[in-house]
Structure formats: C-alpha cells, structure tokens
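Below is one structure; the comments refer to it alone.
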Amino acid sequence: MTMPLEIVTVACLKDNYAFIAHDPDTGETAVIDVPEAAPIQAELDRQGWTVDEILITHHHDDHIAGVEALREAHPAARVTGAAADAHRLPPLDREVAEGDTVTIGAEAGEVLDVSGHSVGHIAFHFPASEVAFTGDSLMALGCGRIFEGTPEMMWDSLRKLAALPPETTICSGHEYTAANAAFAVTIEPDNAALTARKAQIDSARTKGQPTVPTQLATELATNPFLRAGLDEVKSAIGMAGAADAAVFAEIRKRKDNF
Ligand code: ZN
Ligand code: FE
C-alpha cells in the first residue's frame, strides 16, 4: 500500500510559502521553492528529514534565494528546474520541460509549463497524492501578475491547472489571499461561495492562520481568474459574449489597478 506524500507548509520571508513533501514509504523528502533556507531547515530538523530533491517553480529571487544554503546543508540533494530558465536559476542537476516526470521517493509527478507570470514558470503535479505545486501561477483566489508572458499565455496555463482533478490540493507561493478576496468580490459580488470564502479568509487572517494550501474545487467555484470563461462572470463585468482570454485579460488588468 502506497501512502500519500506528507506536505508541510513553511512560511518564509514576509509572505512567501515553501513546501516540504515527504514520502513516508521511502523516507525521501523534497523541498519545493526555497525563499530562504533557515525556516525550512528548522522544519526539517523538527521532522528529522534530509533533503533529496529541490524543485524550483520559477526564477524570482523570493523562490530561489535559499537554494544554495539548503544545498550546502544537504549535499546529496538534486536541484531540478525548468530548462528554459536554466540560465537564471541556481546551477541545476536536472533541467525539465512540460511532460517530463519528476519523482519524490516512489511517487511520480508531472511537469506542467504554466508560463505567464514568468516565461519558463513550471508547476509540479503529483496525481497519486492529489497535490500540485503552482508557485506564482494559480494562487489562492488569485494568479500571479503577468511580468513576462501575455494574458493569453497565462490563461492557457490556468486552463491546464483547471483541468486537474478538482480534489487536487493547490500549494501556491504566497499569502496574498485576503487582498485577492477583497478584489474578487468586486468582480463577482453575487457569488455566494465567494462571499462565504472571503469571510473564512478574513477570519483566518485575523487569527494569523495561513490560507494556503487550498483545493482546486474551491478555486473553480470562487477564483475570478479561473472563472473568466464563464458566462456569469463575463456578464458580471459587462463583457457578455467576449472571448475567454479577453475576459481574463480584463480581470487581470483590473487587479493590477486595484
Ligand atoms: Zn514570482
Ligand atoms: Fe513570488
């Protein structure tokens, strides 16, 4: 019997998250994104785990700044990142692209290209454990700002993630959820699931509790960026009949100016 990966969320820097994924069957451990090494190492010490794999979602400093320190502490760790980003990531032991397989212990994960926030941004989906590490692509109630790609590119990336099984746990890179919720209700004021979720988020944040990870089903019901293809969302922002990607682009633009 194979047990699912054990996922530990580690708060880093001001509002970043790193994730530790541990395979109880083999004892192997992966770290997904390394904003800074110290809090991750503290959690590894607490658990008694050593790092076998470091998986990087994208090149921004707040996701890779701690890679070298963590690698020094775990010299056997293998560092994996996007081939397309190899020139601006810490030295990689393995370069991957969409469709490639990564493993954490006995469990295989699929690499998805989710460019848009950056070009070369990847996500890792582990179907057996029903978990995806999405970095700054799909985020809790939001999506990353489009720095390098185009809205069409980001929309394609979000559609790929939206097609994963709805029970998938979404591990994203930041605690931006309260601000995302304040924006989301301006797009869909009549979405009851969103209103209820916003109340939960605001209450969790008041208590200092994290809102990440989340579940894809929850995102599909409430995240305005994922919902840009729905008639009700198009109508809500006065774009009935418009193309999905154009509606997504408009919602993203409104958030940038929010
Ligand atoms: Zn980023
Ligand atoms: Fe980030």
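The values are calculated or read from the model by the stated rules, or taken from the named source; none is laboratory data. Every value quoted in this text rests on a predicted model; they were computed, and no experiment measured them. Neighbour counts run over all protein chains shown; Cβ positions are idealised from the backbone, glycine included.
Every residue in region 19-54 that is in a strand (DSSP E or B) and within 19 Å of residue 76 (Cβ to Cβ), please. Steps first, please.
Looking only at region 19-54, we keep the residues that are in a strand (DSSP E or B), and these are 19-22, 29-32, 53-54.
If the condition is that a residue be in a strand (DSSP E or B) and within 19 Å of residue 76 (Cβ to Cβ), then 20, 21, 22, 29, 30, 31, 32, 53, 54 are the ones that fit.
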* Asked: Regarding residue 129, is this residue at pLDDT 95 or above, polar (S, T, N, Q), in contact with a strand residue (DSSP E or B) (Cβ under 9 Å, 6 or more places away or on another chain) and within 16 Å of ligand 2 (Cβ to nearest atom)?
  -> no
* Taking residue 106, is it at pLDDT below 95 and either more than 16 Å from ligand 1 (Cβ to nearest atom) or in contact with a Phe, Trp or Tyr (Cβ under 7 Å, 6 or more places away or on another chain) (or both)? -> yes
* Asked: Hey, any hits in region 184-203 for a residue that's over 19 Å from residue 10 (Cα atoms) and touching an Asp or Glu at 6+ places or on another chain (Cβ under 6 Å)?
  -> yes
* Out of (1) under 23 Å from residue 140 (Cβ atoms); (2) in contact with a strand residue (DSSP E or B) (Cβ under 8 Å, 6 or more places away or on another chain), the odd one out for residue 13 is which? -> (2)
* Residue that is farthest from ligand 1 (Cβ to nearest atom), among those in region 57-79 that are touching a strand residue (DSSP E or B) at 6+ places or on another chain (Cβ under 7 Å) and over 22 Å from residue 26 (Cβ atoms) -> 67
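Could we say that residue 172 is at pLDDT 95 or above, touching a helix residue (DSSP H, G or I) at 6+ places or on another chain (Cβ under 7 Å) and within 16 Å of ligand 2 (Cβ to nearest atom) here? Before the answer, list the steps.
Numbers: at pLDDT 95 or above: yes; touching a helix residue (DSSP H, G or I) at 6+ places or on another chain (Cβ under 7 Å): no; within 16 Å of ligand 2 (Cβ to nearest atom): yes.
Considered against the rule, which asks whether it is at pLDDT 95 or above, touching a helix residue (DSSP H, G or I) at 6+ places or on another chain (Cβ under 7 Å) and within 16 Å of ligand 2 (Cβ to nearest atom), residue 172 comes out as no.
Being away from ligand 2 (no atom under 16 Å from the Cβ) and either surrounded by 21 or more Cβ atoms within 10 Å (Cβ to Cβ) or at pLDDT below 95 (or both), is that true of even one residue in region 135-150?
No, because not a single residue in region 135-150 is away from ligand 2 (no atom under 16 Å from the Cβ) and either surrounded by 21 or more Cβ atoms within 10 Å (Cβ to Cβ) or at pLDDT below 95 (or both).
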* Can you pull out the residues in region 177-201 that are aliphatic (A, V, I, L, M) and either exposed (fewer than 14 other Cβ atoms within 10 Å of the Cβ) or at pLDDT below 95 (or both)? -> 192, 193, 196, 199
* **Odd one out for residue 82, checked against (1) within 14 Å of ligand 1 (Cβ to nearest atom); (2) buried (at least 20 other Cβ atoms within 10 Å of the Cβ); (3) farther than 19 Å from residue 157 by Cβ** => (3)
* Asked: Among all residue pairs at least 6 apart or on different chains, which show Cβ distances below 7 Å where the first residue, located in region 51-73, is touching a residue at least 24 places away in the same chain (Cβ under 8 Å) and within 19 Å of residue 118 (Cα to Cα) and the second is of a type in the set (Lys, Arg) and within 15 Å of ligand 1 (Cβ to nearest atom)?
  -> 59/88
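Run down 52, 33, 61 and say which single residue is crowded, with 24+ Cβ neighbours inside 10 Å and of a type in the set (D, E, K, R). Reasoning before the result, please.
Details: 52 fails: crowded, with 24+ Cβ neighbours inside 10 Å; 61 fails: crowded, with 24+ Cβ neighbours inside 10 Å.
Criteria check complete, one pass: 33.
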